[in-house]
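Just so it is clear, none of the values below were taken in a lab; they were calculated from the coordinates. None of these values were measured; they are calculated from a predicted model. Heads up, the Cβs are rebuilt from the backbone with ideal geometry, glycines too, and the neighbour counts pull from every protein chain shown.
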């Protein structure tokens, strides 16, 4: 049988899982190297490269703006996305499935093209500030996650809950806020986390919208990597992995990680 | 609530996508069709350039090879994980999810450590006397493929675990009782049931590789451009917006057409009963 007890499957799987983990483990090891180039095996143990992260203004500013943009864009996607999903799943909107595909359509456009087109149109031609351009780009990145995850849970939510609310005299607005939202809380959190993580990690959209006073973290790291080849990149990579781990821990505690991959 | 207020709820999202996705796309597309005489002149000129054709071919080949490797590696792993006991399955899924949620810059950078001139792979090769001088694997098409496989394997595995978990294992047990070897069962029983799931995964990986920027930028260097890095180079390094727009439109068309084609094939191969 082809199950977890099959020897061939077990061997292949363990090798593949090792290949998945090994590169990240190597990054962790190189971050402690005393030599000032990234190499293995390491010659000594130091925390200097971690200290060096905080000497790089681009990393600090990049972290702050990436965090801010991710938070605003994810929040915006939820505020705009949830009502749209609610309308599409609960009212007889004509062409509901067309709207659904329309809201998911940004995923069909390569991110690099979204970044380029937004930069050229919104930032260069209309002269909207770069920061707003970033929010818009990341909002487009986030919206499909919201639409997908919230639609899935709205379709599972029993309509009678809302009817019960109306029967007991709740206005539609009150029903939405007091009955619907609490019932889809899990997928709202899941959607927020997916938006936040993907926005925070995004490179192609942030790449174009880098002003002289505005750097996002992923392009800042790429830029550093192309100009210096020292273990600072390993060190900040480790911090980002810790950040990922922390996010996963929070999601697991709040809603269970399974909700993310649904 | 009536239909009119339902429309109010949809309008912000609708306008958001329309104004910020489609309007900018049309804005960059219009100038590319304004050449005198033939409206497609810009595209004809683009496609007549052998360097550009090389970039398109490279992008396409890297994506195809990546999809194949990811599928071949992903299938056994997802079978193995999907059929573990609940507790083990959860721990293993964590191992898959962690790289997936880690920044792509970090994941690609990790391969510089392995593939670079001073990288451990070269040190290993020299120690084992496989080669006497450092081989350069980094900044080649191969390193882009390796990076892309590493980037998209977790997505394929997660996607396949989902479809495998929905299968009824009794079908394979029946096949085994009737004398099918595991290999026969794999190709004749499992794969046909998994076809839609496999295609979903392949479409995700193909589109992802085709349009990825970070991997070819970090692992491909300046001499192995793919379409996404070409867009950036034309726009930001050379300041040639028109040409960047042409590449952007071509990239959208190629990736959309490939996805459509794969979806059609998936429907044709799907042998499960359906209403249509």
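A Förster radius of 35 Å combined with the Cβ-Cβ distance from residue B:38 to residue B:269 puts the calculated FRET efficiency at roughly 0.35.
The alpha-carbon atoms of the protein assembly as shown define a convex hull whose volume equals 189 cubic angstrom per residue. With r defined as the distance between the Cβ atoms of residue B:48 and residue A:97 and R0 fixed at 51 Å, what FRET efficiency is calculated, to the nearest 0.05? FRET efficiency, residue B:48 to residue A:97: 0.80. Kirkwood hydrodynamic radius of segment A:51-261, from the reciprocal of the average inverse Cα-Cα distance over all distinct pairs: 18.9 Å. Extending 7 Å from Cα along the Cβ direction at residue B:18 and again at residue B:126 yields two label points whose distance is 6.3 nm. Segment A:192-242 and segment B:19-58 have their alpha-carbon centroids 30 Å apart. When the Gaussian network model of chain A links Cα atoms closer than 10 Å, the mean-square fluctuations of A:81, A:245, A:133 top out at A:245. Inter-chain neighbour count for B:113-120: the average number of beta-carbon atoms from partner chains within 10 Å of each residue's beta-carbon is 4. Size of segment B:1-104: Rg and Dmax of its alpha carbons, in Å, are 23.7, 67. Which whole-angstrom value gives the distance between the alpha carbon centres of segment A:128-166 and segment A:1-71? So the two Cα centres are separated by 33 Å. What is the angle, in °, between the Cα long axis of helix A:217-227 and the longest principal axis of the Cα atoms in chain A? Nearest 10 is fine, range 0 to 90. Tilt of helix A:217-227: around 20 degrees. At 0.36 nm per residue, and after removing the present C-alpha to C-alpha distance, how many nm does the segment from residue A:177 to residue A:124 gain when stretched out fully? In short, 15.1 nm is gained. Fewest-first ordering of A:86, B:51, A:229 by other beta carbons within 10 Å of each residue's beta carbon gives B:51, A:229, A:86. Scoring A:233-239, A:56-62 by mean Cβ neighbours within 10 Å over their residues and listing the highest first yields A:233-239, A:56-62. Here the residues B:170, A:162, A:111, A:64, ranked from fewest to most Cβ neighbours within 10 Å of their Cβ, fall in the order B:170, A:64, A:162, A:111.
Springs between Cα atoms under 10 Å define the GNM used for chain A, and in it the highest mean-square fluctuation of A:181, A:76, A:22 occurs at A:22. Applying 1/(1 + (r/R0)^6) with r as the Cβ-Cβ distance of residue B:5 and residue B:133 and R0 = 56 angstrom yields a FRET efficiency of 0.20. Ordered by the count of other Cβ atoms within 10 Å of each Cβ, fewest first, A:49, B:260 give B:260, A:49. Please compute the Kirkwood hydrodynamic radius of chain B from all pairs of different C-alpha atoms, in Å with one decimal. Radius from the Kirkwood sum: 22.0 Å.
Partner shielding of A:87-93 amounts to 5, given as the average count of beta-carbon atoms from other chains within 10 Å of each residue beta-carbon.
Adding -39500 (n - 2.57) for every DSSP H run of four residues or longer, then dividing by how many residues the protein assembly as shown holds, sets the calculated 222 nm ellipticity at -23000 deg cm²/dmol. Using Cα atoms only, what is the angle between the long axis of helix A:57-90 and the major principal axis of chain A, expressed in degrees (0 to 90) to the nearest 10? Orientation of helix A:57-90: about 20 degrees from the principal axis.
Where is the GNM fluctuation largest for chain B (alpha-carbon springs, 10 angstrom cutoff): B:35, B:212, B:82? Of B:35, B:212, B:82, the most mobile in the Gaussian network model is B:35. Using Cα atoms only, what is the angle between the long axis of helix A:130-156 and the major principal axis of chain A, expressed in degrees (0 to 90) to the nearest 10? In chain A, helix A:130-156 runs at an angle near 50 degrees to the longest axis. Across peptide A:100-112, the average count of Cβ atoms from other chains found within 10 Å of a residue's Cβ is 6. Quick note on segment A:22-156: its Rg to Rh ratio, both from C-alpha atoms and Rh being the Kirkwood radius, is 1.16.
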